[in-house]
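Q: Below is a structure I'd like to ask you about.
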Amino acid sequence: MKHAVAALLALSLALPVSVAAEEAAARRVVVILHPSNGTSAIDPSQLAQIYKGVRRSWNAHLRISVYLPPATSPAMAALASDVFKLPRPEDVPTFYANAVQRKIFATAPEILASDAAVAKRVAAEPGAIGVVDASQIADPTSVKVLVVEGL
């Protein structure tokens, strides 16, 4: 009886972890680039430099265009917490409004209606970068997917 209770307790504790792991796998947030972009890897600090306006070009000839997912997207939540260190996804537009006032950006990056819209825009523009829920990429061959550890 003692072993049965211990096994049941272990199973009940493992169940939420399994569900959380499945949800995380289903909502894997990835960085996407145009397929012609020569970048093959990016780390969290490089991603932060791009999204915060410190790094503005991929190379001497290719300017970076940043596209943002909607505030309700898991990708925007990941950007807010992991890149900007902000408590809420809704704070990211405020960051950009302040950055425009300080002339870090001429204009704030465009917030698109969906992760799928971000993927479509990145697929159409060679210097573009976006962060999206991987499950929302309709055509995986249309973009280059980079997994960034910690995102």
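The values are calculated or read from the model by the stated rules, or taken from the named source; none is laboratory data. This one's a predicted model, so the numbers in the text were calculated from it and none came from an experiment. Glycine also receives a Cβ, built like all others from the backbone with ideal geometry; neighbour counts cover every protein chain displayed. When the accessible area is computed, the model is the full protein with side chains, heavy atoms only, and any ligands, DNA or RNA have been set aside. Shrake-Rupley method; radii C 1.70, N 1.55, O 1.52, S 1.80 Å.
Q: If packing is taken as the average number of other Cβ atoms within 10 Å across a peptide's residues, how do 38-46, 108-116 rank, most packed first?
A: Details: 38-46: 12.1, 108-116: 16.8.
Packing order, densest peptide first, comes out as 108-116, 38-46.
Q: May I pose another question? Accessible surface of ILE64 in the full protein assembly, 1.4 angstrom probe, to the nearest 10 Å²?
A: Probe radius 1.4 Å; accessible area of ILE64 about 20 Å².
Q: A further question follows. Determine the share of segment 19-145's accessible area contributed by carbon and sulfur atoms, expressed in whole percent, with a 1.4 angstrom probe.
A: Values: 3620 of 6620 Å².
C and S atoms contribute 55 percent here.
Q: Let me ask something else about it. What does a probe at ALA113 reach in segment 44-72, counting residues whose amide N is under 19 Å from the point 7 Å along Cα→Cβ?
A: It comes to 67-72, nothing else.
Q: Something else now. Solvent-accessible area per residue for segment 26-151 at a 1.4 Å probe radius, Å²?
A: Working: 6440 Å² over 126 residues.
Per-residue accessible area for segment 26-151 comes out at 51 Å².
Q: Can you give the FRET efficiency to the nearest 0.05 for ALA124 and ALA99, using r as the Cβ-Cβ distance and R₀ = 30 Å? The partial results should precede the final answer.
A: Working: r = 25 Å, r/R0 = 0.83.
E(calc), rounded to 0.05, equals 0.75.
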